Amino acid sequence: MEFELDDEQRLLRRTVRETVAKVRGRPEREQWATYLRLGWLEAPPLELALVLEELGYAADPSPFLATATWFVPLAGRLPEGSGTAVFDGHGRYVLDADRADEVALLTPDGVTVVPGAGLAAERIPVLDPRLHVARIRAPGELVAGVPDLALTGLAATAVGACRKVLDLVLAHVRQRVQFGRPLGSFQAVKHKAADMHVAIERARALTHFAALTIAEDDPRRTRAAHMAKAAAGECQRLVFRYGLQLFGAMGFTWENELQYALKRAQACDLLLGTASAHRKALLS
Amino acid sequence: MMRLADDPGVAAFRTEFAAFLDAHLPAEAEARERPRSSAHVPGWARRWQRTLFDHGWLLPGRPPEYGGRHATLPQQLAHLEELADRRIYHSFNPQGLGIVAASLLTFGTEEQKARWAVPILRAEITAALGMSEPEAGSDLASLRTRAVLDGDAFVVDGQKIWTSGAHDADVLLTFVRTDPDAPRHRGISALLIPTGTEGVVRRPFGSIAAEDDLDFNEVFLTGVRVPRENLVGPLNEGWRVANGSLGHERTLLWLSYAERLADLVRDAAGRGDDQEWYATLQMDLQALRLLGHRRLGPDRDPAEVSVLKLLGSEAVQNASLHALEAAGADALPHPARTGPHHHMNNEDFVSSWFERYARSFAGTIAGGTSEIQRNIIAERLLGLPR
Ligand SMILES: Cc1cc2nc3c(=O)[nH]c(=O)nc-3n(C[C@H](O)[C@H](O)[C@H](O)COP(=O)(O)OP(=O)(O)OC[C@H]3O[C@@H](n4cnc5c(N)ncnc54)[C@H](O)[C@@H]3O)c2cc1C
């Protein structure tokens, strides 16, 4: 096995980070158009995971995650515009269903793609102000069958969001002084930061591995996707607790951009089964 | 490059080594005498190590005269993976091979390599590592054992502790203070001290597992005269030797944790009612292997190895604790067998779950504790102030 990102992949990561920072604050349509123009939707699984990590880092508000990792693996093609999919058998919490142009439905007879507008999707208010989650009323019977890529995509997004939390925490504890010293010089703080780092590295490695097994259609791909989703969930649990705690009251405010990364990471764990569900799946 | 398959050069290397192992592994009957300590190597194990040395399969990254074949780092990893998969060791004197001989090959003179390193590699002699002292554990740079130059010899006075296998070793790589006036890290030197030298007293003592499990030693050094030519590396540059030798050792050290985790995956399957920890164990093993492979690049930061050590040693401890709890009172009888018989390292598995858990603390304490690894990660990788 070889497991080192190459120069092109590193460059892609940098490009995504810079592009996302540049279009931040622009109208959502414009952001989305930029992502499409750069061909990110067509990226192969590993590159897609890198893109999603960066979008997670930025707590990106676009429907990219649902389009690339929910719609595409089910429909087997790119949507007209944006897309999402219903593969949980009921359609109670569907990412971006309120705004997707096309929705792929997993039914007993296979996959059907319908226009999003026809599903009477209802956006559900959630804690994360940038996240779109909706409930749909299915036109017929639905069945469950979660694609490996959907789990991997949520894991990659969570990993990126966790890295953002850690970066914000590091910047904060380096500059904030209490008791005459930067907070980051206290060992209780250092050890939490180190544990966050290790948890992120672990989850990221398993996420890249899951993407790689999908890219090579390796027989381990479903197990790898469960591992990635579980590891990302475990990671966000630690990073959320330590990250918010180490910011003190500053982390408890609406103004702080920490909230977006925290909420994105936690939402990625809650959607399509938390860490515990995926650990159980690994045992069966 | 990211791919599941080995690079062709690594794949061919792996196949060749696997064939060698199949042809040369010691037979079960031969391997009856067991090692008593980490520097006691029974005759059959010496012959085994010598065979590896002669065929360039002992330390494949080294040139042939040192038991290697100029292998690349990914090939060296494949070599250790093949050994680990079969649960066999290339040497039963791991610190002699991995730390003492490795330091000599990096820092030693040609004479030192011929006089000490090659015999260690050929399993003709064994070695132990004398770093820690009663007052210098994590804070190694505070070590006090003194060495004073007197003509053509150093005279050494002081005490080492925890020196694994010292009572069975022929030579100690010892870190001593040669300049008490210099800043702490600058006044340290590395000396080879043959254990038969007058004034060297070794007292082995039991580990947590058993009073007669003798690997730990106290080593008392009183007026020990050591020839000047036994100085390893330049005078007062022992700190560099210490970091270099441990650094070399650490690059692939994570594999020993991966091996332990793989043992646990095998031995702890299906234990207990709530088995989510067993899934976590499998994830830890997979993540450790992935990160271990990722750390092979030339631009690797040495501090990255701390991530692997912390992740691996803590994962072993967590999983051992879960396996212990799953066993409940069945973990009490001791000794007990919790793993399959393997003739080359049978003692690893003649261990109750209680003992396996207790032994997992060697991983989180020796070679830099988990707390020290967290300090390194926070300060060197994450840039937090000291
Ligand atoms: C099985 C085994 C084999 C060994 N073999 C050898 C050998 O062959 N040769 C040799 O020289 N040594 C050997 N050692 C010794 C080993 O290197 C030391 O145990 C280790 O460096 C820790 O030192 P210490 O035990 O004195 O603990 P201490 O340094 O006294 O630490 C005690 C506790 O305090 C914590 N602590 C210390 N400093 C800090 C800090 N700055 N920040 C936060 N927490 C801190 C530690 O993490 C630990 O939890 C061996 C140890 C073991 C367990």
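Miscellaneous remarks
- Check on B:Ser207, out of contact with any Cys (no Cβ under 7 Å at 6 or more places or on another chain) and within 15 Å of the ligand (Cβ to nearest atom): yes
- Failed criterion for B:Ala78 (all others in (1) within 16 Å of the ligand (Cβ to nearest atom); (2) within 14 Å of chain A (Cβ to nearest Cβ); (3) crowded, with 18+ Cβ neighbours inside 10 Å hold): (1)
- B:Thr174 falls short of the stated requirement of being open to solvent by 20 Å² or more (accessible area, probe 1.4 Å) and either at pLDDT below 95 or in contact with a strand residue (DSSP E or B) (Cβ under 8 Å, 6 or more places away or on another chain) (or both).
- Condition check for A:Asp218: in a loop (DSSP other than H, G, I, E, B), at pLDDT 95 or above and facing chain B (nearest Cβ under 9 Å): yes
- Matching residues in the range B:145-161 - criterion: being open to solvent by 10 Å² or more (accessible area, probe 1.4 Å) and not polar (S, T, N, Q): B:Arg146, B:Val148, B:Leu149, B:Asp150, B:Gly151, B:Asp152, B:Val155, B:Asp157, B:Gly158, B:Ile161
- Of the residues in the range B:147-157, none is part of a loop (DSSP other than H, G, I, E, B), over 17 Å from B:Val100 (Cβ atoms) and within 15 Å of the ligand (Cβ to nearest atom).
- Whenever a residue of the range B:115-141 is within 14 Å of another protein chain (Cβ to nearest Cβ), its partners that are part of a loop (DSSP other than H, G, I, E, B) and within 16 Å of the ligand (Cβ to nearest atom), lying with C-beta atoms within less than 8 angstrom and at least six residues away or across chains, give the pairs B:Ser138/B:Gly368; B:Ser138/B:Thr369.
- Residues in the range A:228-263 that are open to solvent by 10 Å² or more (accessible area, probe 1.4 Å), within 14 Å of chain B (Cβ to nearest Cβ) and under 15 Å from the mean Cα position of the chain (by Cα): A:Glu234, A:Arg237.
- Test: residue in the range B:319-327 that is at positive phi and either away from every other protein chain (no Cβ under 14 Å) or not aliphatic (A, V, I, L, M) (or both): no
- Of the criteria (1) over 17 Å from the mean Cα position of the chain (by Cα); (2) part of a helix (DSSP H, G or I); (3) within 22 Å of B:Phe13 (Cβ to Cβ), which one B:Leu80 fails: (1)
- Restricting B:Ser164, B:Ser142 to residues that are open to solvent by less than 50 Å² (accessible area, probe 1.4 Å), within 30 Å of B:Arg34 (Cβ to Cβ), within 13 Å of the ligand (Cβ to nearest atom) and modelled with pLDDT of 95 or more narrows the list to B:Ser164.
- Selected residue [in contact with a Phe, Trp or Tyr (Cβ under 9 Å, 6 or more places away or on another chain), closer than 17 Å to A:Leu212 by Cα and either within 14 Å of chain B (Cβ to nearest Cβ) or polar (S, T, N, Q) (or both)] from A:Glu2, A:Glu8, A:Glu47: A:Glu47
- Some residue of the range A:57-80 being open to solvent by 50 Å² or more (accessible area, probe 1.4 Å), among the aliphatic types (A, V, I, L, M) and under 21 Å from A:Leu105 (Cα atoms): yes
- Qualifying residue in the range B:371-386 (condition: within 16 Å of the ligand (Cβ to nearest atom), open to solvent by less than 30 Å² (accessible area, probe 1.4 Å) and not in a helix (DSSP H, G or I)): yes
- Qualifying positions in the range B:21-53 - open to solvent by less than 20 Å² (accessible area, probe 1.4 Å), touching a Phe, Trp or Tyr at 6+ places or on another chain (Cβ under 8 Å) and not small (Gly, Ala, Ser): B:Pro26, B:Val41, B:Pro42, B:Gln49
- Boolean, A:Val169 is surrounded by 23 or more Cβ atoms within 10 Å (Cβ to Cβ), at pLDDT 95 or above and within 10 Å of another protein chain (Cβ to nearest Cβ): yes
The values are calculated or read from the model by the stated rules, or taken from the named source; none is laboratory data. Since the model is a prediction, treat every value here as computed from it, not as a measurement. Cβ sites come from the backbone with ideal geometry, for glycine too, and all protein chains shown count toward neighbours. Just so you know, the surface numbers come from the protein's heavy atoms only, side chains and all, with ligands and any DNA or RNA stripped out. Shrake-Rupley method; radii C 1.70, N 1.55, O 1.52, S 1.80 Å.
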